[in-house]
Amino acid sequence: MDKVYAKKISEDTRRNYNLIADDFSRTRKFQWPELNFLGDSINEGEKILDLGCGNGRLLEILKFKKIDYLGIDFSGKLIEIAQKNYPEHKFQIADALNLPFPENYFDKIYSIAVFHHIPSEEFQLKFLKEAKRVLKPEGILILTVWNLWSWQNLKLLLKFNLLKILGKSKLDFNDVFVPWGKYCQRYVHNFTQRELKDLTKKTGFKINEAGFINRGKHKKANIYLISEK
């Protein structure tokens with residue numbers, strides 16, 4: 001994907017999440033119980049970065065842990081909501097591609113349902129390199145992405161891939177726009193588990209664990225990856 005177009009998509013994503021922040025937060029008041037296992041390995045006193053924290057709902061899993069938590073997001077509106085929801089915790093506006101933290105700073109980074117919104121392999125690698133930079137040696141990155149490889153989404157995938165083949169789209173293969181009602185179209189890259197592993201290994205991470213997460217009746221709704229610096 002052209003870098004200029006990727007930057008435009010990133011800015012559009014920021015604006016879209018500011019636009020839908022209230023509605024988005026309303027539909028995400030609670031953390032999915034299927035994600036509870038992601039908090040099992042946390043140790044007391046660890047520095048935790050919630051990268052792309054949204055309305056802060058990951059704290060439904062982490063809030064009883066004795067940790068040094070920080071949530072960041074590029075949507076100022078979502079940060080306002082997160083701070084209101086969890087006033088005892090720290091949040092700030094920040095760009096995942098240019099993290100305002102020193103090297104070797106965090107013990108663990110959580111990035112839940114964020115990485116699929118990062119356009120182009122160049123920016124995806126930059127995202128991972130920044131996460132690796134601010135992690136301590138042997139620090140852990142836990143990320144999840146949507147898994148849209150299902151019959152329900154096949155029509156959407158075929159539509160955008162056909163436009164790419166016909167030269168009518170500047171997106172990469174397996175990129176789509178997913179509507180949020182009539183308000184906006186959100187960019188999503190549809191990762192396979194293999195692609196996600198390979199991309200993460202390129203930045204020097206060691207893959208500790210990978211798999212799928214069910215969400216209620218939705219089987220394999222998300223892919224998760226646990227990597228070590």
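Observations
- Lone unmet requirement of (1) in a loop (DSSP other than H, G, I, E, B); (2) more than 21 Å from V178 (Cα to Cα); (3) touching a helix residue (DSSP H, G or I) at 6+ places or on another chain (Cβ under 9 Å) for Y69: (1)
- Residue within the stretch 63-79 that is out of contact with any strand residue (DSSP E or B) (no Cβ under 9 Å at 6 or more places or on another chain) and among the β-branched types (V, I, T) present: no
- Failed item in (1) surrounded by 20 or more Cβ atoms within 10 Å (Cβ to Cβ); (2) part of a loop (DSSP other than H, G, I, E, B), with Q124 passing the rest: (2)
Every residue, every condition in (1) modelled with pLDDT under 95; (2) in a loop (DSSP other than H, G, I, E, B); (3) touching a Gly at 6+ places or on another chain (Cβ under 8 Å), yes or no:
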site	(1), (2), (3)
K182	yes, yes, no
F191	no, yes, no
K197	no, no, no
K201	no, no, no
I207	no, no, no
I213	yes, no, no
K219	yes, no, no
N222	yes, no, no
I226	no, no, no
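- E11 part of a helix (DSSP H, G or I), under 24 Å from K220 (Cα atoms) and not hydrophobic (A, V, I, L, M, F, W, C): no
- Leading residue by the ranking (farthest from T200 (Cα to Cα)) among those in the stretch 210-229 that are of a type in the set (V, I, T) and touching a helix residue (DSSP H, G or I) at 6+ places or on another chain (Cβ under 6 Å): I213
- Considering (1) out of contact with any Leu (no Cβ under 6 Å at 6 or more places or on another chain); (2) more than 14 Å from E121 (Cα to Cα); (3) surrounded by 14 or more Cβ atoms within 10 Å (Cβ to Cβ); (4) free of Cβ contacts under 8 Å to residues at least 24 places away in the same chain, the lone condition that P179 does not fulfil carries the number (3).
- Single residue of the stretch 138-172 satisfying the filter (of a type in the set (A, V, I, L, M, F, W, C) and assigned to a loop (DSSP other than H, G, I, E, B)) that is surrounded by the fewest Cβ atoms within 10 Å (Cβ to Cβ): L166
The values are calculated or read from the model by the stated rules, or taken from the named source; none is laboratory data. If you're wondering where the values come from, they're calculated on a predicted model, not measured in any experiment. We place every Cβ from the backbone using ideal geometry, glycine too, and count neighbours over all the protein chains shown.
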